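To start, the structure under review is shown below, and the notes come after it.
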Amino acid sequence: MNRMSITRYLIEEQQAGRINADLRLLIEVVARACKMISIAVGKGALGGVLGDAGTGNIQGEAQKKLDVLSNEILLETNAWGGHLAACASEEMDHSQPIPDMYPRGNYLLVFDPLDGSSNIDVNISVGTIFSVLRCPDDVAIVGDEHFLQPGSAQVAAGYAAYGPSTMLVLTIGHGTHAFTLDRELGTFIMTRRDIRIPEETQEFAANVSNQRRWETPMQRYVGELLQGKDGPRGKDFNMRWVASMVADVHRILTRGGVFIYPLDEKIREQGGKLRLLYEANPMALLVEQAGGAASTGRERMLDVQPTKLHQRVPVFLGSKREVEHVVAIHREHDASA
Ligand code: AHG
Ligand code: MN
Ligand code: MN
């Protein structure tokens with residue numbers, strides 16, 4: 001059987017001139033870190049890794065032991081290869097330059113080390129999300145400000161999903177491809193090339209418990225979905241919500257759907273729930289590369305100019321026609337307001 005390992009895929013992309021050696025190494029190292037995280041997640045209670053770390057992050061969220069461990073794994077594996085200038089993470093207040101003792105490269109790595117961590121203790125899928133940016137030229141000391149690039153500047157993005165199988169879904173800007181971890185070999189093998197998200201869907205993902213606090217256009221949108229074939233949409237919609245963005249987006253990449261995390265009254269001040277740099281942008285690039293769309297409701301996600309490292313945004317992504325519908329509802333609402 002002719003199996004395409006991630007190593008071979010990356011070497012062929014390098015030979016085709018689409019990535020350089022440093023970016024290839026970077027993605028290989030992130031994939032290795034994800035294997036290590038997958039092993040830790042898989043041990044569960046037997047590994048003593050469940051439960052709270054007893055600390056909090058800058059976003060005011062309680063950290064799980066696995067949030068902290070996954071962050072350390074990603075930092076340590078990426079420190080010494082010479083491919084990075086700095087890292088930034090959901091779990092760190094500020095970006096962290098590569099230590100002086102190691103060679104410095106030209107890329108910036110941003111990650112959500114463990115996404116969906118409220119699901120760890122109940123043995124439901126979690127993941128790791130990452131995004132790669134170029135470090136601007138002539139930067140002596142890398143700081144948070146150098147990470148404030150729009151998602152369209154990403155040179156690679158992906159996630160690992162730790163579910164019944166561990167998968168790595170990756171884009172280097174030439175399609176979105178999925179690899180499944182062969183646990184015996186310890187190798188990611190390509191199992192889907194050039195994922196295409198169906199343009200139409202009858203499935204949505206939202207935490208509907210927030211509905212009464214959403215903005216008017218979203219109350220209307222989901223209200224219409226819930227009316228099904230008796231309402232203006234003329235068809236029934238199904239709902240799924242894992243509460244791990246990685247798992248919800250993975251389902252959408254697999255069979256279509258729309259993921260929505262709108263602004264609501266409770267989170268208005270902070271701008272949204274999900275983080276632009278290490279949740280929304282990498283997912284937006286993966287989804288666009290698979291023929292889907294991603295928006296804040298009022299702007300293409302990948303065009304948003306970040307102003308803060310931990311900036312949050314409303315998120316609508318998935319099947320193209322459905323995201324376009326969400327954007328149209330926002331436009332109509334704003335025009336009449
Ligand atoms: P994280 O665990 O990295 O903080 O992210 C959790 C996010 C995302 O994965 C998920 O879609 C969303 O939070 C779930 O939010 P609710 O708890 O409101 O359902
Ligand atoms: Mn997350
Ligand atoms: Mn997280």
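What does the charge count near residue 12 come to, summing +1 for each Lys or Arg and -1 for each Asp or Glu among other residues with Cβ under 12 Å from its Cβ? Within the 12 Å Cβ shell, the charges total +3. Inter-part distance, segment 126-145 to segment 1-79, computed on C-alpha centroids, equals 16 Å. Using only Cα atoms, find the angle between the long axis of helix 65-79 and the longest principal axis of the chain, and express it within 0 to 90 degrees, rounded to the nearest 10. Helix 65-79 and the main axis of the chain meet at about 50 degrees. To the nearest 10 degrees, how steep is helix 6-15 against the longest Cα principal axis of the chain, on a 0 to 90 scale? Its long axis makes an angle of about 80 degrees.
If you plug the beta carbon distance of residue 165 and residue 337 into 1/(1 + (r/R0)^6) with R0 = 45 Å, you get a FRET efficiency near 0.45. Extension gain, residue 45 to residue 3, is 11.7 nm, computed as 0.36 nm per intervening residue step minus the present C-alpha separation.
Comparing the chain with the 2.2 N^0.38 Å rule of thumb, its C-alpha radius of gyration ratio is 0.97 (two decimals). Distances between placed amide hydrogens fall under 5 Å for residue 134 paired with 108, 155, all partners being 5 or more residues away or on another chain. Phi-derived couplings, Karplus 6.51 cos²θ - 1.76 cosθ + 1.60 at θ = phi - 60°, listed residue by residue for segment 319-331: 3, 4, 4, 6, 5, 4, 4, 4, 5, 5, 5, 4, 4 Hz, with x used for Gly and Pro.
Computed from backbone phi with θ = phi - 60° and the Karplus coefficients 6.51, -1.76 and 1.60, the 3J(HN,Hα) list for segment 195-212 is 4, 10, 7, x, 6, 9, 8, 10, 9, 10, 10, 7, 8, 5, 5, 8, 3, 5 Hz; x is used for glycine and proline.
Between residue 213 and residue 145, the simple label model (points 7 Å from Cα in the Cβ direction) yields a spacing of 3.4 nm. Projecting label points 7 angstrom from Cα along Cα→Cβ for residue 59 and residue 196 puts them 3.4 nm apart.
The slack in the chain from residue 243 to residue 298, taken as 0.36 nm per residue of separation less the alpha-carbon distance, amounts to 17.4 nm. Ranked by the mean number of other Cβ atoms within 10 Å of their residues, highest first, the peptides 77-88, 262-273 fall in the order 77-88, 262-273. In order along segment 154-163, the Karplus-derived 3J(HN,Hα) couplings, from 6.51 cos²θ - 1.76 cosθ + 1.60 at θ = phi - 60°, round to 5, 9, 7, 7, x, 8, 10, 10, 9, x Hz, and Gly and Pro are given as x. Counting lysine pairs in the chain that sit 8 or more residues apart in sequence, or on different chains, and whose Cα atoms lie under 18 Å apart gives 6.
Take the Cβ atoms of residue 230 and residue 102, set R0 to 56 Å, and the FRET efficiency comes out at 0.35. Here the spin labels are modelled as points 7 Å beyond Cα on the Cα-Cβ line, and at residue 11 and residue 268 they lie 5.7 nm apart. Among the trypsin sites (Lys or Arg not before Pro) in segment 1-73, none sits in a DSSP loop with a Cβ that has at most 10 other Cβ atoms within 10 Å.
Output the 0 to 90 degree angle, nearest 10, between the alpha-carbon long axis of helix 245-255 and the longest principal axis computed from the alpha carbons of the chain. Approximately 70 degrees, to the nearest ten.
Coordinate-derived values only; no laboratory data. As the structure is a computational prediction, the values presented were derived from the model and not from experiment. A quick note on method: Cβ atoms are made from the backbone with ideal geometry, for glycine too, and the neighbour counts reach across all protein chains shown.
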